[in-house]
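Please treat every number below as a calculation from the coordinates, not as lab data. As the structure is a computational prediction, the values presented were derived from the model and not from experiment. Methodologically, a virtual Cβ is constructed for each residue, glycine included, from the backbone with ideal geometry; neighbour enumeration extends over all protein chains shown.
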Amino acid sequence: MNIAYSTELICFLILSVVIVSGSLAVVLLENIVYSAFLLGGVFMAVAGLYLLLNASFVAAAQVLVYVGAVNVLILFAIMLVNKKEKLNPIKGLRTRKLISGGVCGGLLVLLLRVSVTTKWNLPGPNSIGEEATERIGEHLFTDYLLPFELASILLLMAMIGAIVLARRDVPVPTDYTSDLKTNKVIDDKKIPLLSENSLK
Amino acid sequence: MFENSIGPVPLQAYLIVAAFLFCTGVWGLINSRNAVRVLMSIELMLNAVNINLMSFSSYIDGSIIRGQVFSIFVITVAAAEAAVGLAILLSLYRNRVTIDMESFNLLKW
């Protein structure tokens, strides 16, 4: 085992430990701000796995899109709706968690068994490595052209849809901002939750 | 068990990590009461699928790498989903003043 092999192995082990513990922490932690930052860490570790798999372009796209856009969006949403609310207790929450944990554990065992016992068609053709970016470009503009164009339309639709959904069509009174400085609690302000138009 | 592997890391190791990530995402999706955490769990599941696609693309389809193209499309769809999902969440919060998933039962029978 030469030094490149052991370096790759150590990198894979570190990244997988980060992914597993980070995803558990994202799901289990009480404070959701910690969860959001750890989610960014999990995304970065997944990008590291892509680098180990000789896919530098997808790793860069993962960092840009997930860490740069999705995670920041999630943080913004948390900051916008972060109200400490007292969740009313549900009857049988513990049994519900146990049952769903059993179901997910069963799914995990099933997936592990399939991935270990299946005879994969290995070794495949040699990985093209650094040419991957050029090859992805060729794919996107020849045989995957229609999905590529559909993806652009989908992104446009998502952008317009997000703007329409998140737009606040409630007329804000002019003294609203000056009132905000005096009493800091936004929640106590009587903002009309539904505009008159949406009730008709 | 892990014969035929090219590098030091077998294909199955990537699949195991992805399976664990996916199951964690499913559990979080079912059990979260905060709606933002539900969206985060969906992102975890999409990342698990992406790891699977990328590892198969690198180990089995190394010369054509269709899996990498697929994972780029998955990343695109995930970005669109996150934007629309968080917009829906904001509008829900504006109408109901809560993000507890248990209170979003307007469409229940």
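Per-structure values
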item: Charge dipole of the protein assembly as shown about the Cα centre (unit charges at C-beta), most positive-ward option of A:Leu9, B:Met54, A:Gly161; result: A:Gly161
item: Relative contact order of the stretch B:1-66, pairs being alpha-carbon contacts under 8 Å that are 6 or more residues apart, as %; result: 33 percent
item: J(HN,Hα) series, the stretch A:30-42, from Karplus relation 6.51 cos²θ - 1.76 cosθ + 1.60, nearest Hz, glycine and proline x; result: 6, 7, 7, 5, 4, 4, 5, 5, 5, 4, x, x, 5
item: Rg and Dmax [Cα atoms of the stretch A:62-105; Å; Rg one decimal, Dmax integer]; result: 16.5, 42
item: Tensor-based shape of the stretch A:101-155 (alpha-carbon gyration tensor, a/c under 1.5 rounded, otherwise prolate or oblate); result: oblate
item: Cα-centre dipole for the stretch A:31-138 with unit charges at Cβ (Lys and Arg positive, Asp and Glu negative), debye to 20; result: 1080 debye
item: Coordinate range along principal axes, alpha carbons of the stretch A:1-156, Å, largest first; result: 56, 43, 32
item: Principal axis box of the protein assembly as shown, alpha-carbon based, largest edge first, Å; result: 70, 47, 40
item: Ratio Rg/Rh, restricted to the stretch A:1-88 and using Cα atoms, in which Rh is the Kirkwood radius; result: 1.11
item: Simple Cβ-charge dipole of the stretch B:1-101, Lys/Arg +1 and Asp/Glu -1, about Cα centre, in debye nearest 20; result: 400 debye
item: Radius of gyration, Dmax [the stretch B:30-87; alpha carbons; angstrom]; result: 13.7, 44
item: Rg/Rh for chain B, where both radii come from Cα atoms and Rh is the Kirkwood radius; result: 1.13
item: Proximal lysine pairs, the protein assembly as shown, alpha carbons under 19 Å, eight or more residues apart or interchain; result: 10
item: Exposure proxy ranking, count of Cβ atoms within 10 Å, fewest first, for B:Ser71, A:Ser127; result: A:Ser127, B:Ser71
item: Residue mean of other protein chain beta carbons inside 10 Å, A:152-162; result: 4
item: Dipole magnitude of the protein assembly as shown about its Cα centre (Cβ charges: Lys, Arg +1; Asp, Glu -1), debye to nearest 20; result: 1500 debye
item: Within-15-Å neighbourhood charge of B:Ile65 [Cβ basis; K, R +1; D, E -1]; result: -4
